[in-house]
1. Considering each residue of region 158-188, count those that are free of Cβ contacts under 8 Å to residues at least 24 places away in the same chain and surrounded by 15 or more Cβ atoms within 10 Å (Cβ to Cβ), and give that number.
2. Tell me which of these residue 128 doesn't satisfy, since it passes every other one: (1) out of contact with any helix residue (DSSP H, G or I) (no Cβ under 9 Å at 6 or more places or on another chain); (2) under 19 Å from residue 233 (Cα atoms); (3) at pLDDT 95 or above.
3. Of all residues in region 189-215, which are surrounded by 16 or more Cβ atoms within 10 Å (Cβ to Cβ) and outside any helix (DSSP H, G or I)?
């Protein structure tokens with residue numbers, strides 16, 4: 001019985017010490033600008049708040065807002081510490097421990113991965129991955145291969161530009177590139193797949209006309225002239241072309257390597273621990 005009373009006395013005494021420690025006021029240093037219970041806020045704590053060339057009026061608003069947020073956090077924290085139950089405190093403490101352990105382990109893994117992971121993905125690997133998984137790369141948007149030019153409708157050499165655009169041979173392309181500074185915009189690389197929605201933001205041609213794979217579209221108003229030629233179209237649900245998703249495939253290959261490397265690291269750690277007797281199952 002005496003032992004139980006003694007244990008209760010020690011427990012109560014420890015709890016009181018804990019609450020006193022929470023309430024213990026830190027010594028006031030110079031340049032304190034605010035206080036919340038036992039905590040103080042100092043000028044040094046707010047130096048980084050101000051942008052370059054700030055106005056005095058703005059700084060006052062920034063400081064007042066920061067002080068209010070700081071005080072509310074400190075007051076809420078102390079109130080929660082004073083009213084937390086033992087069970088809740090233990091649960092929180094366990095969560096904090098698990099979170100800290102997880103951060104430490106992940107940090108260690110990331111450093112090992114950074115040191116050991118081969119980040120070079122060859123074209124052969126990309127092609128192989130694409131061929132084995134192409135059914136997983138169905139489009140959720142319409143893609144288009146297109147070339148277009150946007151010029152002023154009153155341009156003097158308009159007919160020559162139209163002819164060069166339609167011909168599309170090396171000589172014609174070189175001529176158009178020389179004239180590009182006179183154009184509003186130009187895109188002649190029709191080997192690149194682009195989202196149709198992005199293209200329609202640049203040229204005022206209807207979706208229906210573009211998806212018909214028209215070899216030549218000319219649209220003119222009082223100010224502008226648009227020349228458009230559609231090489232090919234891929235619709236939603238079609239298999240995405242390899243070139244369009246190359247960067248995605250690279251990331252998938254690297255992610256797979258990363259998982260395999262982590263598994264290998266874990267095997268080595270367990271093997272070493274077993275051999276040096278730091279890991280045993282009873």
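1. As a first pass, look at region 158-188 and keep what is free of Cβ contacts under 8 Å to residues at least 24 places away in the same chain: 159-160, 163-164, 167, 169-175, 177-181.
Filter once more, keeping what is surrounded by 15 or more Cβ atoms within 10 Å (Cβ to Cβ): 164, 172-173, 175, 179.
Counting residues in region 158-188 that are free of Cβ contacts under 8 Å to residues at least 24 places away in the same chain and surrounded by 15 or more Cβ atoms within 10 Å (Cβ to Cβ) gives 5.
2. Among (1) out of contact with any helix residue (DSSP H, G or I) (no Cβ under 9 Å at 6 or more places or on another chain); (2) under 19 Å from residue 233 (Cα atoms); (3) at pLDDT 95 or above, the lone unmet condition for residue 128 is (2).
3. Here is the first cut: in region 189-215, the residues surrounded by 16 or more Cβ atoms within 10 Å (Cβ to Cβ) are 190, 193-194, 196, 199, 203, 205, 210.
If the condition is that a residue be surrounded by 16 or more Cβ atoms within 10 Å (Cβ to Cβ) and outside any helix (DSSP H, G or I), then 190, 193, 194, 203, 205 are the ones that fit.
The values are calculated or read from the model by the stated rules, or taken from the named source; none is laboratory data. Everything numeric here is computed off the predicted structure, so don't read it as measured data. Because the Cβ atoms are built from the backbone with ideal geometry, glycine has one as well, and the counts that use them run over all protein chains shown.
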